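Enquirer: Questions regarding the structure given below will be posed in turn.
Every number here is computed from the coordinates shown, using simple stated rules; none is lab data. All of these numbers come straight from a predicted model, not from anything done at the bench. Every residue, glycine among them, receives a Cβ derived from its backbone with ideal geometry; neighbour counts consider all protein chains shown.
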Amino acid sequence: MSLLTVSTVAALRDFVHQAKFKGLSVGFVPTMGNLHAGHMSLVKHANKQCDVVIASIFVNPLQFNNQSDLTNYPRTLAQDQALLEDHGCNLLFAPTVDEMYPNGQESQSMVSVPDISMGLCGGSRPGHFDGVATVVSKLFNMVQADKAFFGEKDFQQLAVIRKMVADLCIAIDIVGVTTERNDQGLALSSRNGYLSANELALAPAIYSALQDAASAIQQGNDFASTLEQTQQRLNQKGFKVDYLALCREYDLKPATADDKQLVVLIAAFLGSARLIDNLPFSLNQTSD
Ligand code: PAF
């Protein structure tokens, strides 16, 4: 079946209604477009787990706290449609801002997910996760999918969405999909397109730094000094680290000596690009 593109909620609902009437399960991959192999991995997982796959492309103004970032965000619809078609996506929902926010962005009811939205990217980008939670909850209500697929690269976003779904009793399964990386270890991201050739060669140092930090901590090194040294090394290489944090995996609170399931998360500027990455890992469980 070839890819169908619709831009209205009515046409989307009609498609979903027909799929559900036939007893088909629906998988949903929300995106902001400029699709790459990371997104295609989400589509592949959706295809394996669901009968019908719907993707959305919407560059959501509510989650940008910087107007020029929103204006410059890459919009590559024709290329995205070709990729989705090649990967067996059935429907693309690509609404306009007016379709998404018919009463205006200012008077849109907002969804806010406390605590987990606050630090890390939420600390550096105030209001960002309110914008994400609002648009994702609207999309969930529009699509009415059985499962939705999100990349683990956006670790905090995934945690915010899981909490939102639990808190608001939204009937959808959230599936987290492992981060896709290039051969050098750089996490795939639309923002990699902002990097010069030199920066692209340097960027994989972010993931190596996370790996080194995780293994130093697994070997018993002190949390704070490991993070401090890692951050210094990256800054010396030409990054501007926005945050580097060691958190417990389940609620993203700062890790304590008692925690065993950890994640080290980073946001760092390289030139004009703000790159994020993370690495979950465990500490040996000791039996008392
Ligand atoms: O991860 C993204 O691309 C966006 O934050 C999302 C989930 C599509 C919401 O706009």
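Enquirer: Could you give the distance between the Cα centres of the stretch 191-226 and the stretch 1-65, to the whole Å?
Expert: The distance from the Cα centre of the stretch 191-226 to that of the stretch 1-65 comes to 33 Å.
Enquirer: Tell me the relative contact order for the stretch 162-222 as a rounded percent, counting alpha carbon contacts under 8 Å between residues six or more apart.
Expert: Relative contact order, the stretch 162-222: 22 percent.
Enquirer: Treating the beta-carbon of each Lys and Arg as +1 and of each Asp and Glu as -1, no other charges, what is the dipole magnitude of the chain about its Cα centre, to the nearest 20 debye?
Expert: Around 280 debye, computed over the chain.
Enquirer: Counting Lys +1, Arg +1, Asp -1, Glu -1, what net charge surrounds Asp146 among other residues with beta carbon under 14 Å of its beta carbon?
Expert: Values: positive: Lys20, Lys22, Lys48, Lys147; negative: Asp51, Asp173.
With Lys, Arg at +1 and Asp, Glu at -1, the neighbours total +2.
Enquirer: If you count, for each residue, the other Cβ atoms within 10 Å and average over each peptide, how do 254-262, 225-233 line up from highest to lowest?
Expert: Final packing ranking: 225-233, 254-262.
Enquirer: Can you give the Kirkwood hydrodynamic radius of the stretch 1-72 from its Cα pairs, in Å with one decimal? Write down the numbers at each step before the final one.
Expert: Working: mean 1/r = 0.0720 Å⁻¹.
In the stretch 1-72 this quantity evaluates to 13.9 Å.
Enquirer: A further question follows. In terms of the ratio Rg/(2.2 N^0.38 Å) built on C-alpha atoms, what value belongs to the chain?
Expert: Details: Rg = 19.5 Å, N = 288, 2.2 N^0.38 = 18.9 Å.
Normalised Cα radius of gyration, the chain: 1.03.
Enquirer: GNM, the chain, Cα, under 10 Å: largest mean-square fluctuation among Val263, Val97, Val175?
Expert: Highest fluctuation among the options: Val97.
Enquirer: Taking only DSSP H segments of four or more residues, each worth -39500 (n - 2.57), what value at 222 nm results for the chain once the sum is divided by all its residues, to the nearest 500 deg cm²/dmol? Working shown, then result.
Expert: Values: 11 runs with 115 residues, N = 288.
The helix-only estimate for the chain comes to -12000 deg cm²/dmol at 222 nm.
Enquirer: Here is a follow-up. In whole percent, what relative contact order does the stretch 23-162 give with Cα contacts below 8 Å and a gap of six or more residues?
Expert: The normalised contact order for the stretch 23-162 reaches 34 percent.
Enquirer: Under the rule a/c < 1.5 gives rounded, and otherwise a/b versus b/c splits prolate from oblate, where does the stretch 69-121 land using the Cα gyration tensor?
Expert: prolate
Enquirer: Can I ask one more? Sorted by packing (mean other beta-carbon atoms within 10 Å per residue), highest first, where do 272-279, 87-94, 211-218, 191-198 land?
Expert: Result, highest mean Cβ count within 10 Å first: 87-94, 272-279, 211-218, 191-198.
Enquirer: Taking just the alpha-carbon atoms of the stretch 132-288, what radius of gyration and Dmax come out, in angstrom?
Expert: Answer for the stretch 132-288, Rg first and Dmax second: 17.1, 52 Å.
Enquirer: Let me ask something else. May I ask which residue of Leu252, Leu234, Ala55 lies farthest towards the positive end of the charge dipole of the chain, with charges of +1 (Lys, Arg) and -1 (Asp, Glu) on Cβ and the Cα centre as origin?
Expert: Ala55
Enquirer: Now, a different point. Mind checking which of Lys44, Lys20, Lys153 has the largest fluctuation in a GNM of the chain, springs on alpha carbons under 10 Å?
Expert: Judging by the Gaussian network model, the answer is Lys20.
Enquirer: On to the next question. Beta carbons within 10 angstrom, averaged per residue: use that to sort the peptides 135-141, 235-241, highest first.
Expert: My ranking of the peptides, most packed first, is 135-141, 235-241.
Enquirer: Calculate the length of the line joining the C-alpha centroid of the stretch 228-247 to that of the stretch 128-169, in whole Å.
Expert: Measuring centre to centre over Cα atoms gives 29 Å.
Enquirer: I would also like to ask the following. Tell me the relative contact order for the chain as a rounded percent, counting alpha carbon contacts under 8 Å between residues six or more apart.
Expert: 17 percent
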